[in-house]
Amino acid sequence: LPLPTATISSNTTICANESATVTFTGTPNATVIYKVNGGTDQSILLNASGSATITKTFVTTTIYSLVSISSGDSPSCIQPLTSIITITVVPMPVVTISSDKINVCPNESATLTFTGTPNATVVYTVNGGSNQTIVLDSVGIAKITKAFTETSIYTLVSVTTGGLPGCSQLQTGSITINVVPLPVVTISGTTSICPKSMATVTFTGTPNATVTYSINGGTEQKIVLDGLGIATITETYSVTTIYTLVNVSTEN
C-alpha cells in the first residue's frame, strides 16, 4: 500500500475574534495527528474525499503543525509529517485622545493628541459633526494644534489598522476643550467728596478675576473679585485721586 500523505492550509492573517478555517487534505479515510501551538497531540479523520476542516474563532496567533498520518486500511501505514501553518491574529486597534489644555481663552491654541495602534486610521467628530479622519504615525501618535474660538468636543468614532486585513472597532472616548470668555471689569464710586471724607471704589466684573489698576499713575496694584464679581476699596481721601484700570485676568 502507498504511504498516506496530508497537507494543511488556511487563510493566514485575520483580525482578533474573527473565524478561520483550517483544512486538512490528503489520503481518504486517513487519520491525521497534529498539534496546536506545540501542545498535546490531537487527531482528525479525513473523509472519503480526503478532506477535513476545523472552523473556529481565534483571539491569538495560532500555529498548527502536522505530526503524522495513518491510513485507514489494513495494515495501517503510518508516515511522519512536518507541515506547519500559522494563523496570524492581528490585535484589534485602540486609540485614546488627550489635550495639553482643557480650558483656553478665545483664540488660544491647544494641542490634541491621538495615541494608539501605529499606522491606524482614527475616525472622530467635532461637536457631533461629520466624520473626520487622522492617521497615526509609526509610533502611534497624531496631533492637531489649532486656535479655538468656541468650546469644542472631540469624540472618537472608530479606529482601523493599517495594511491588510483592516481590523476595525468602535471607540467611545471624547475630550472637551472649553473656551473661557474673556474677563471684564468696570469701576465706579463717589466722584466728588469733601477733604478727609470717606469714599468707596467698587470693581464689578467676572467672578474671581484679578484686576490690575493704578492710583494717580503710580505702581500697579491688584485686587481679586469675589464669587459674585465684586471688590471694594473704602478709604479717607484728602486729595483728588484717580483710579485707572490696567487689565483683568482669570486663571484657566
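Read the figures in this text as sums done on the coordinates, not as results from a lab. Worth saying up front: this structure is predicted, and the values here are computed from it rather than measured. Note: ideal-geometry Cβ built from the backbone for every residue, glycine included; neighbour counts use all protein chains shown.
Data for the structure
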| quantity | calculated |
| --- | --- |
| Sequence-distant aspartates and glutamates (8 or more away, or on other chains) whose Cα lies within less than 17 Å of residue 56 | 18 |
| Fraction of alpha-carbon pairs over 18 Å apart in the stretch 71-158 - percent | 59 percent |
| All lysines inside 17 Å of residue 143 as judged from Cα atoms, apart from same-chain residues fewer than 8 positions distant | 101 |
| Highest-MSF residue in the chain out of 220, 18, 108 [GNM, Cα springs under 10 Å] | 220 |
| Whole-Hz ³J(HN,Hα) from phi, Karplus 6.51 cos²θ - 1.76 cosθ + 1.60, for the stretch 116-127, glycine and proline x | x, 5, x, 6, 6, 9, 9, 9, 8, 10, 10, 6 |
| Residue 101 long-range amide H proximity, modeled H, under 5 Å | 111 |
| Unit charges on C-beta of K, R, D, E only; dipole of the chain, Debye | 80 debye |
| Spin-label pair residue 74/residue 98, simplified geometry with 7 Å Cα→Cβ offset, distance in nm | 7.2 nm |
| 14 Å beta-carbon shell around residue 111, net charge (K/R +1, D/E -1) | +1 |
| Other-chain or far-sequence residues with amide H under 5 Å of residue 162's (modelled H) | 120, 121 |
| Relative contact order of the stretch 163-252, defined on C-alpha pairs under 8 angstrom at six or more residues apart (%) | 30 percent |
| Whole-Å semi-axes of the stretch 186-249's equivalent ellipsoid (Cα gyration tensor) | 22, 14, 8 |
| Projected area, mean over directions - the stretch 98-199, Cα convex hull, nm² | 9.9 nm² |
| Bridge type composition, the chain - antiparallel percent by DSSP, nearest 5 | 95 percent |
| Across the chain: Cys residues that no other cysteine approaches within a C-beta distance under 4.7 Å | 77, 105, 194 |
| Within the stretch 132-205, trypsin sites (Lys or Arg not before Pro) in DSSP loop having at most 14 other beta-carbon neighbours inside 10 Å | 196 |
| Size of the chain as Cα extents on the principal axes (Å, biggest first) | 128, 33, 25 |
| Prolate/oblate/rounded label for the stretch 8-68 (Cα gyration tensor, a/c 1.5) | oblate |
| P(r) tail fraction, the stretch 59-116 - alpha-carbon pairs more than 14 Å apart, % | 75 percent |
